[in-house]
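The values are calculated or read from the model by the stated rules, or taken from the named source; none is laboratory data. Owing to the predicted nature of the structure, the values given are computational and were not obtained by experimental measurement. Note that we place each Cβ from the backbone using ideal geometry, even for glycine, and neighbour counts take in every protein chain shown. Ligands, DNA and RNA are excluded from the accessible area calculation, which covers all protein heavy atoms including side chains. Shrake-Rupley method; radii C 1.70, N 1.55, O 1.52, S 1.80 Å.
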Amino acid sequence: MSGKLYLVATPIGNLEDITIRALNVLREVDLIAAEDTRHTLGLLNHFEISKPLISYYKQTEKARSEVLIEKLREGKNIAIVSDAGTPGISDPGEEIVRVAIENNIEIIPIPGACALINALIVSGLSTKEFTFIGFLSAVKKEKKEKLEEIKYETKTVILYEAPHKLKSTLEQIFEILGDRNVVLARELTKIHEEFIRGKVSDILKRIEDIKGEFVILIEGSSVSKKDIELDNLNNLSLEEHYNLYKSQGLDKKEIIKRIAKDRKVSKNEIYQYFL
Ligand code: SAM
């Protein structure tokens, strides 16, 4: 019988945030696959757990997944852990889960700390709906494109950022998204835990020489992409508006219905115009 694959969340700072279940799983599995074995060894030593470790990080994810699947098929139980927080969230994990599903291996999540969720719940921004985009690309063009893509996102946007890029990312947010309300969740669960809330322009003045780990949360846009599109449509003449829908293969009845809806007028009014 195949073994089980556990994705175990570990603390993001404060070691007391590890769960009893996570400790039990780490004690009971045959092998722990860790993003950085030295880092995980520190955690295991703290909790007096002695277990074989194998490294499993981004660059080796594919090859190592094959090795781990082989061991799972031999009946070994394996735990995946990352350096901090929940595996698979801006951390290795996704690949092994995909291959484990293909191989009909049972996968069990062991919940625990996750920086984005804890930053969100105390941010003061809407928690009803949110978009998590992880780390922005290091490639300038791709980073700009991603920020442009979220410009009209109405949900709270959450991103991770490396400390040395924090300032330049906030400057780009200001440039592309405008002077939005932003929250920086700094050093979550650690001694210097801090939440910095305000307009981007204001925050930029307050973060000279700031250090630590950060989650950036951005208040959703008050204007949606749909509002912009609608505004663009309403700037068209009725003929242009008609031809736009015609080019999408719609029939006359449907075109009139849509124009009336876009312009918030009665279908009859549009119908009369085209008579
Ligand atoms: N898997 C982790 C999780 O569940 O949150 C995320 C790992 S990702 C490689 C590291 C990034 O998460 C950091 O650059 C930072 O943006 C965020 N992060 C992790 N720990 C944090 C903490 N204690 N306080 C603030 N942000 C943190």
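For a quick check of your reading of the filter: which chymotrypsin sites (Phe, Trp or Tyr not before Pro) in the stretch 1-104 sit in a DSSP loop and have no more than 16 other Cβ atoms within 10 Å?
Passing both the DSSP loop test and the Cβ count: F47, Y57.
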Amide H contacts under 5 Å for A33, restricted to residues at least 5 apart in sequence or on another chain and with H modeled in the peptide plane, are I54, A79, I80, V81
Taking springs between alpha-carbon atoms closer than 10 angstrom, which of R38, R21, R263 fluctuates most in the Gaussian network model of the chain?
-> R263
Accessible surface, per residue, of the stretch 225-273 when the full set of protein chains is kept, probe 1.4 Å, Å² | 75
Heavy-atom accessible area of I121, protein chains in place, probe 1.4 angstrom, given in Å² to nearest 10, is 110
Expressed per residue, the solvent accessible area of the stretch 5-113 in Å² (1.4 Å probe) is about 51
What whole-number value in Å² describes the accessible area per residue of the stretch 116-218 for a 1.4 Å probe?
-> 54
Length gained, K261-E193, 0.36 nm per residue minus C-alpha separation, equals 19.6 nm
Quick one: of the DSSP bridges fully inside the chain, what percent are antiparallel, nearest 5?
-> 45
Please go through the stretch 25-81 and write out the GluC sites (Glu not before Pro) that DSSP classes as loop and that have at most 16 other C-beta atoms within 10 Å.
-> E48, E74
Which of the residue pairs K58/K141; K4/K51; K140/K167; K58/K144; K143/K190 have a Cα-Cα distance greater than 21 Å in the structure shown?
-> K58/K141; K58/K144; K143/K190
What part of the accessible area of the chain, given as a whole %, is carbon or sulfur when the probe is 1.4 angstrom?
-> 50
Loop-resident sites, the stretch 77-163, for chymotrypsin sites (Phe, Trp or Tyr not before Pro), counting at most 11 other Cβ within 10 Å (DSSP) | none
Find the centroid of the Cα atoms in the stretch 155-178 and in the stretch 92-148, then give the distance between the two in whole Å.
-> 17
Among beta bridges that DSSP assigns inside the stretch 116-218, antiparallel share in %, nearest 5 | 75
So, with +1 on the Cβ of K and R and -1 on the Cβ of D and E, and no other charges, what is the size of the charge dipole of the stretch 116-218 about its Cα centre, to the nearest 20 debye?
-> 60
Gyration tensor (alpha-carbon) shape descriptor, the stretch 225-273, a/c threshold 1.5 = oblate
Excluding residues fewer than 8 places away in the same chain, name every one of the aspartates and glutamates whose C-alpha is closer than 19 Å to that of K257.
-> D227, E229, D231, E239, E240, E269
